[in-house]
Amino acid sequence: MKMPPANGVHRLDAAAFTLLEVLLVISLIAAVAAGLGTAWWDRSRSGLATAQHLVGTLLSQARATAVARQTETRLVVFVGSPATDSGNHLRMLQVLHADAAGTGEWMPSAEPQRLPRGFIIVPPASPGSPVGTISPAASQLTIGTTAGLPIESTLRAASRILFMEFRPDGSFQPGDIMGGGRVVVARDSGDSGTSVPTRSILIRLNGSVVLPEETVFASP
């Protein structure tokens, strides 16, 4: 028969944790999780800002090209297959200008650019969007070539192309939308449907581009 200790105090097993130690471990885990979350948010915010500024710069370039060439210009966005062309799908953008000779072709004005990996242009959710949609395969967009500046074959083979158009006077062509337009960039969440951080690029009717600093969580 095991006798109780003489002082009446039962000793805990040496391998057991005290309440203080458990609380300390929990607090450390919480601190590490918070640090990882902050780091992820900082990277997302930095990538979003880079994507937003790139789209804003290209829109401003398209507007300036329209005025300089006195012809319509478009900033086009490649739409392909997320499964087979994730490097370009909703990430590759290029400024095109209408051929002044009246051939109906759209010529590349500059080299194509890509958003940072993991970020995309959010496609329009409704026909009323200021972001237009066309299909090169249906001959809705005939793409020409400029000496020394060939357009990428991936853009020619796109299943669809999104575009934002500017007139020769530099104003924005929003279709039936009044008050300008809005382009949204977001972290690519695939088809998960989860809310992701997004940022907008606003285009006024006069063609000026505004980059709000506000980050909004939405389901793209």
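Details
- Residues that are aliphatic (A, V, I, L, M) and under 23 Å from PHE78 (Cβ atoms) were ranked within region 178-208; the one that is modelled with the lowest pLDDT is VAL196.
- For region 197-216, the candidate set comprises residues that are of a type in the set (A, V, I, L, M, F, W, C) and part of a strand (DSSP E or B); within that set, the residue that is farthest from ALA49 (Cα to Cα) is ILE203.
- Against the test of being outside any helix (DSSP H, G or I) and either at pLDDT below 70 or touching a Lys or Arg at 6+ places or on another chain (Cβ under 8 Å) (or both), the options LEU90, LEU96, LEU20 yield a single qualifying residue, LEU96.
- Residue match in region 76-84 (condition: modelled with pLDDT of 90 or more and in a strand (DSSP E or B)): no
- Filtered residues of region 99-133 (kept if at pLDDT below 75 and either crowded, with 20+ Cβ neighbours inside 10 Å or under 24 Å from LEU48 (Cα atoms) (or both)): PRO124, ALA125, SER126, SER129, PRO130, VAL131, GLY132, THR133
- Region 195-220 residues that are under 15 Å from PRO123 (Cβ atoms), paired with ones that are aromatic (Phe, Trp, Tyr) (beta carbon under 8 Å, 6 or more apart): VAL196/PHE217; THR198/PHE217
The values are calculated or read from the model by the stated rules, or taken from the named source; none is laboratory data. What you see is a predicted model; the values in this text were computed from it and never measured. Here the Cβ is made from the backbone with ideal geometry for all residues, glycine too, and neighbour counts use every protein chain on show.
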